[in-house]
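Here the structure is laid out as structure tokens; the discussion comes afterwards.
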Amino acid sequence: MNSEEDLGRDSIVEPLEEYDEDLHNFASSEDLTKVCNIIHQRIILSGLKNSMWRDYHDDIIFRFLVDESLDVLLVYIDKDQNLCLKYTVPSELVEEIFYYIKTSCSSRVTLENFQKVLQFGSLKGEVTESLMQLVSKVYSLLIFGNKTWPDSIKKDFSSQLHKFLASLTEFHYKQIRQTILYIPMETEGITEEEAAKDKDLIQRIEGVVVHWIKQIKEALLAQETAHTGENLGPAEEIEFWRQRCDDLCSISQQLEKPGIHKILSILELGKSSYAYQFLKLSAEIQNSFLQAESNLKFLSILKEPCEKLASSPLSDIPTKLPYLLSLIRIIWINSPFYNSRSQITGLFRKVSQELIKKFSREIQLDKLFKGYAQSTKKTVEQCIDCCNTWKDAYQQAAKMHHSLSSFGWVLDKTGIFAEMDAFMQRCKDVIEVCDAEMHFCRWEDGIKTPLPIIGGHHGSEILRSLEGIENSFMSSLKNLESASNQTLDIRSTTWHDQYGKFRANMRDLEVMAQNVISFAFDRVTTVHEGLELLRVFKYLAERESISRAYDKRTVEV
């Protein structure tokens, strides 16, 4: 069998000969072939071509017919455009499935009964949507239109069916952040006056309206800001209000549907208290929609500046921050709804989070651990400067606001800059790592300066000590690299723990370096030897704790 066939073959298909003893269910092998052909012809899938069929597909169908342990046959086209026939649900996501189901596994499939024993159909698109359409457009019509059921059974079943469809509709559309109200079809074909006289029908409709009220309350009680999740910036806040605006607009449009008007009229004629509750919430929907529309209009002025900020080089960011801050002040002063202290404080915090995300992308820690200490340090210092510029611009805007506005600048400054201050501290940690790389290993930008040649009787011993310090440092650096993914994540404590161990190791290495310097200079006998050692240890003297020992030896020389 060629590779193309291997790709589509069901891995659990066994030779059909193993089921020869079951073939007596069919009058002849010709009957089995006829049933197989009928099943073959009824399979309908979008994009299905005759060229996709292979001989082993018939083997799969044959086994499904004769093996009583198999109750499902699924047919679909995979992502590689191969026709697949399976007995189990596919692990990959497929857009359309055609299925055969045995009504009873104990029933033997024959040419005479296969139409009764086998049910078939197709599912297309999202599973919950297919189920919702199948139940609401097919089965519900059959159930509500049935006149032969006893009233008690029909009443209970209809009530549960409405609850199921209402919950299924809510679940399906909530996945795409929409609020869709389920409209029962039971009231179709009868007048409002007739429906109002049926107490059982009114009770079932009230159950649906109660679900509507719950859905609308959830939409109205949605948080006034885009969730307090992590790393959310102004773009996410704008998108939140856009989705909220669309959702409330959709609910308003649904409230104008004839089906909803008819149900409310029936409840009003039946003097149900739920009609008043629903109408009251309907008025709140309109007010909330106007608020969301206004907030979206004002927040949208931040969209373009934030996009430019995200794409700008670090050198250009300080010049863009005052303008961005002035736009937030415009929203604060002029927006009729988005003007509370908590909302504006949250918006400033989101800008800070957006800047942190921008800086985190700019700092390439993978290069730091490959020896690019100087360039990494320069980038981190630029990020710290931008953070300070943002804080200074905030202070200047606050002073200007106090002098020009009638109400004070009463915002939670600590809350606005708490994460930024923590980020700046992480940046300072990174700078210390850069300095340590340059001091202990003489790394610059991917280039490592070799250890100097040390002459004299103890030169080789001193050199081995310096190499030992360098090796110990590289081991500590490697351990620190394991936490590099969390370095700039201020909510992660992994970096804090690893960096604490790194700093402790650096202090030990500083003591070791001072001991090496003392050992070397204690054996100096000439000024020339002293000057040579000063040159050797100069790269270590950049560290403050070591420089004191180095300066002492310099005076001695």
About its Cα centre, how strong a charge dipole does region 154-211 have in debye, to the nearest 20, once Lys and Arg get +1 and Asp and Glu get -1 at the Cβ? 360 debye
Based on DSSP H runs of at least 4 residues, each adding -39500 (n - 2.57), what is the mean residue ellipticity at 222 nm of the chain after dividing by all its residues, to the nearest 500 deg cm²/dmol? -20500 deg cm²/dmol
If you rank 249, 84 by how much accessible surface each has, with a 1.4 Å probe, what is the order from largest down? 249, 84
Sequence neighbours fewer than 8 away in the same chain don't count; with that in mind, list the aspartates and glutamates whose C-alpha is under 16 Å from residue 378. 316, 362, 366, 429, 432, 435, 437, 444, 445
With every protein chain present, what is the per residue accessible area of the chain (1.4 Å probe, Å²)? 53 Å²
Starting from the Cα of residue 34, draw a straight line to each of the aspartates and glutamates and keep only those under 18 Å, dropping any in the same chain fewer than 8 residues away. 20, 22, 55, 58, 59, 67, 112
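Taking 41 Å as R0, compute the FRET efficiency from the Cβ-Cβ separation of residue 312 and residue 80 and round it to 0.05. Before the final figure, lay out the partial values.
Values: r = 43 Å, r/R0 = 1.04.
For R0 = 41 Å, the calculated efficiency reads 0.45.
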For the pair residue 93 and residue 185, how long in nm is the line joining their label points, each one 7 Å along Cα→Cβ? 2.9 nm
Mind checking the full-extension length gain between residue 214 and residue 478? Use 0.36 nm per residue of separation minus the Cα-Cα distance, one decimal, nm. 89.5 nm
Between region 504-524 and region 279-347, what is the separation of their alpha carbon centroids in Å? 57 Å
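Summarise the accessible area of the chain (1.4 Å probe, protein heavy atoms) by the percent that is carbon and sulfur. Can you show the working numbers first?
Values: 15340 of 29730 Å².
For the chain, the apolar C and S fraction of the accessible surface comes to 52 percent.
What pairs in 217/271; 358/448; 320/367; 217/303; 124/303; 377/478 have C-alpha atoms more than 26 Å from each other?
Result: 358/448; 320/367; 217/303; 124/303 exceed 26 Å.
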Ranking 61, 160, 457 by how far each Cα lies towards the positive end of the charge dipole of the chain (+1 on Lys and Arg Cβ, -1 on Asp and Glu Cβ), the top one is 457
Can you give the translational diffusion coefficient of region 91-216 in µm²/s, computed by Stokes-Einstein from the Kirkwood radius over Cα pairs at 20 °C and 1.002 mPa s? 124 µm²/s
Run the reach check for residue 399 against aspartates and glutamates, Cα to Cα strictly under 19 Å, same-chain hits fewer than 8 apart removed. What comes back? 412
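Grab the beta carbon distance between residue 392 and residue 463, set R0 = 45 Å, and tell me the FRET efficiency rounded to 0.05.
0.40
Among 401, 439, 496, 40, what's the order by accessible area (1.4 angstrom probe), most exposed first? Mind dumping the intermediate values first?
On the way: 401 0, 439 25, 496 125, 40 55 Å².
From most exposed to least exposed: 496, 40, 439, 401.
In region 177-276, which GluC sites (Glu not before Pro) fall in coil by DSSP and have 15 or fewer other Cβ atoms within 10 Å? Each step should come with its number before you reach the end.
Details: sites: 186, 188, 192, 193, 194, 206, 218, 224, 230, 236, 237, 239, 256, 268; in loops: 186, 188, 224, 230, 256.
Taking region 177-276 and a limit of 15 other Cβ atoms within 10 Å, the loop GluC sites (Glu not before Pro) found are 188, 230, 256.
The values are calculated or read from the model by the stated rules, or taken from the named source; none is laboratory data. What you are looking at is a predicted structure, and each value in this text was computed from that prediction instead of being measured. Here the Cβ is made from the backbone with ideal geometry for all residues, glycine too, and neighbour counts use every protein chain on show. These accessible areas exclude ligands, DNA and RNA; they are computed on the full protein's heavy atoms, side chains included. Shrake-Rupley method; radii C 1.70, N 1.55, O 1.52, S 1.80 Å.
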